[in-house]
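Presented below is the structure to which this report refers.
The values are calculated or read from the model by the stated rules, or taken from the named source; none is laboratory data. Given the structure is predicted, the values throughout are model-derived calculations rather than measurements. Positions of Cβ are generated from backbone atoms using ideal geometry, with glycine treated the same way; all protein chains shown enter the neighbour counts. Quick note on the areas: whole protein, heavy atoms, side chains included, nothing else; ligands and nucleic acids left out. Shrake-Rupley method; radii C 1.70, N 1.55, O 1.52, S 1.80 Å.
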Amino acid sequence: MTQAQITDAVCHTYQQAGVRLVLIDEIHRLNPRTTTGAQTADLLKDLTERIGATFVYAGIDVTTTALFSGVRGAQLAGRASLIECGPLPARHGTHEPFKELITGLEDALDLNAHRPGTLPCHAACLHQRAAGRIGSLTRLVRQAAITAILDGTERITKTLLDSVRLDHLAEQHHRPTPAPTRARTRRP
């Protein structure tokens with residue numbers, strides 16, 4: 001099939017399925033200045049014009065990338081509203097989104113001896129350790145689960161979580177800053 005035929009097939013399938021939301025992650029990797037990036041940017045432009053859905057592009061620090069620069073980048077920028085997102089909050093009104101995320105991650109675990117509800121009990125500590133970052137949290141839980149499988153315990157405990165080394169960004173955030181030293185004078 002040609003690119004046009006593939007695009008037509010995708011658009012037809014999305015319309016038949018009633019797709020209303022299209023999520024595209026890792027958009028910061030798209031560089032419209034390269035041949036492949038330009039083709040991808042053109043395809044995204046075509047899809048947004050032909051599919052009656054909301055497109056959400058997710059990426060890291062997109063304003064410092066080539067994504068919105070140049071002719072093709074300007075076309076993307078003209079079709080998008082930038083929403084800056086920080087770390088996931090521990091609390092938002094009466095909701096606890098980070099705890100809900102932890103519960104979802106725990107529900108996906110397939111560890112024989114793990115007690116459901118263990119991880120959400122440590123939500124405050126996990127939020128602090130991961131600095132509210134979803135990627136840091138998922139890496140932490142995944143590494144703890146792998147360790148639990150390898151050591152045969154098949155459960156994640158607070159001790160195990162504390163022993164897992166996090167990604168550099170989370171470790172830098174979690175590391176306590178030393179107290180400033182003060183000069184002391186001796187009195188006679």
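Please go through region 143-157 and pick out each residue that is free of Cβ contacts under 8 Å to residues at least 40 places away in the same chain and within 23 Å of the chain's Cα centre (by Cα).
Q143, A144, A145, I146, T147
Considering only residues of region 12-33 that are farther than 15 Å from L44 by Cα and among the β-branched types (V, I, T), which is most open to solvent (accessible area, probe 1.4 Å)?
Step by step, filter region 12-33, then rank; the result is T13.
Does T36 count as surrounded by fewer than 15 Cβ atoms within 10 Å (Cβ to Cβ), in a helix (DSSP H, G or I) and modelled with pLDDT of 90 or more?
In short, yes.
Tally up the residues in region 41-81 that are among the acidic types (D, E) and outside any helix (DSSP H, G or I), please.
Count: 1.
Just wondering, is there one or more residues in region 54-65 that are more than 19 Å from the chain's Cα centre (by Cα) and closer than 20 Å to Q15 by Cα?
Checking region 54-65: at least one residue is more than 19 Å from the chain's Cα centre (by Cα) and closer than 20 Å to Q15 by Cα.
Output the residues belonging to region 57-69 that are in contact (Cβ under 8 Å) with a residue 12 or more places away in the chain and surrounded by fewer than 16 Cβ atoms within 10 Å (Cβ to Cβ).
Across region 57-69, the qualifying residues are A58, G59, I60, D61, T63, S69.
Output the residues belonging to region 136-153 that are within 22 Å of P89 (Cβ to Cβ) and in contact with an Asp or Glu (Cβ under 7 Å, 6 or more places away or on another chain).
S136, R139
Working only within region 16-33, note down all residues that are of a type outside the set (A, V, I, L, M, F, W, C), over 23 Å from F68 (Cα atoms), within 28 Å of the chain's Cα centre (by Cα) and part of a helix (DSSP H, G or I).
Scanning region 16-33 gives no hits.
Assuming L105 fulfils every condition listed in (1) under 15 Å from the mean Cα position of the chain (by Cα); (2) under 30 Å from L44 (Cα atoms); (3) of a type in the set (A, V, I, L, M, F, W, C); (4) open to solvent by 30 Å² or more (accessible area, probe 1.4 Å) apart from one, which condition is it?
In the conditions (1) under 15 Å from the mean Cα position of the chain (by Cα); (2) under 30 Å from L44 (Cα atoms); (3) of a type in the set (A, V, I, L, M, F, W, C); (4) open to solvent by 30 Å² or more (accessible area, probe 1.4 Å), L105 misses (2) alone.
Quick grid of which residues meet (1) modelled with pLDDT of 90 or more; (2) farther than 30 Å from I149 by Cβ; (3) hydroxyl-bearing (S, T, Y):
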| site | (1), (2), (3) |
| --- | --- |
| R79 | no, yes, no |
| I83 | no, yes, no |
| T94 | yes, yes, yes |
| E100 | yes, no, no |
| A113 | yes, no, no |
| C121 | yes, no, no |
| C125 | yes, no, no |
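I'm trying to understand the selection: among the residues of region 70-102, which are open to solvent by 70 Å² or more (accessible area, probe 1.4 Å), among the hydrophobic types (A, V, I, L, M, F, W, C) and more than 16 Å from the chain's Cα centre (by Cα)?
Hits for region 70-102 are V71, L82.
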